[in-house]
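The values are calculated or read from the model by the stated rules, or taken from the named source; none is laboratory data. Keep in mind that what you see is a predicted model, and the values were worked out from it rather than measured. Virtual Cβ from ideal backbone geometry, glycine too; neighbours counted across all protein chains shown. Surface areas here come from the heavy atoms of the whole protein model, side chains and all, with no ligands, DNA or RNA. Shrake-Rupley method; radii C 1.70, N 1.55, O 1.52, S 1.80 Å.
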Amino acid sequence: MYSPQVLDHFQNPRNAGQVTNADARVQIENPACGDVLELTARSAAGQFVEIRFRAKGCVSAMACASALTELIAGKTVAGAGEVRREDVLEKVGGLPEASEHAAYLAIDALRALLREV
């Protein structure tokens, strides 16, 4: 049902936790399913130097959050703004249609984070 990439991000999440002395922190919840995603980040000179996540939710939500942090790490704030839901889906090797809400949650959290930096 899940791609090997989804399972890898779920079982070995990248950048899990919180950034100490974060410049920005957002928490987004999907009211339909109850998944919650928190992103914290630190930036310098318009570039993300550290980004971490904490998530409560399904396998897909955890995997998409982990993949998102890999997509954003080291990018400029402007570059992070170009990351799309399709990029997250590609990074996790696709999701079953019923689980695609997890990629929306990740992108919604990213958009909220970009308003804070």
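I28 sits with roughly 40 Å² accessible to a 1.4 Å probe, with DNA, RNA and ligands left out of the calculation. Using C-alpha pairs below 8 Å separated by at least 6 residues, the relative contact order for the chain is 31 percent. Put C58, C64 in order of accessible area, highest first, and with a 1.4 Å probe you get C58, C64. Computed 3J(HN,Hα) for region 86-99, one whole-Hz value per residue from the Karplus formula 6.51 cos²θ - 1.76 cosθ + 1.60 where θ = phi - 60°, is 4, 5, 5, 4, 5, 4, 9, x, x, 9, x, 3, 5, 10, glycine and proline marked x. Between R14 and A44, the C-beta separation translates, for a Förster distance of 22 Å, into a calculated FRET efficiency of about 0.60. From the Cα gyration tensor of region 1-41, with a ≥ b ≥ c the square roots of its eigenvalues, which class applies: rounded if a/c is under 1.5, or else prolate if a/b is larger than b/c, or else oblate? Oblate, since a/c reaches 1.5 and b/c is not below a/b.
In the assembled protein chains, R14 presents an accessible area of approximately 60 Å² (probe radius 1.4 Å).
Backbone geometry of region 35-52 corresponds, through the Karplus equation with coefficients 6.51, -1.76 and 1.60 at θ = phi - 60°, to 3J(HN,Hα) couplings of 4, 10, 10, 10, 10, 10, 8, 10, 10, 8, 6, x, 10, 6, 9, 7, 9, 9 Hz, x marking Gly and Pro. The residues of region 1-71 expose, per residue, 50 Å² of accessible area to a 1.4 Å probe.
Over the residues of the chain, the helix contribution to mean residue ellipticity at 222 nm works out to -12000 deg cm²/dmol, using -39500 (n - 2.57) for each DSSP H run of at least 4.
For region 48-62, the residues whose backbone nitrogen is under 14 Å from a point 7 Å from the Cα of D23, taken along Cα to Cβ, are 48-52.
State the label only: which of (1) 25, 17, 14; (2) 58, 23, 8; (3) 22, 14, 13 corresponds to semi-axes √(5λ) of the Cα gyration tensor in Å computed from the shown model? Checking each listed value against the structure points to (3).
Please identify, among G34, G17, G93, the residue showing maximal mean-square fluctuation in a Gaussian network model of the chain using a 10 angstrom Cα cutoff. Fluctuation is largest for G34.
If you run the Gaussian network model on the chain, springs between alpha carbon atoms under 10 Å, then out of E82, E100, E50 the most flexible one is E82.
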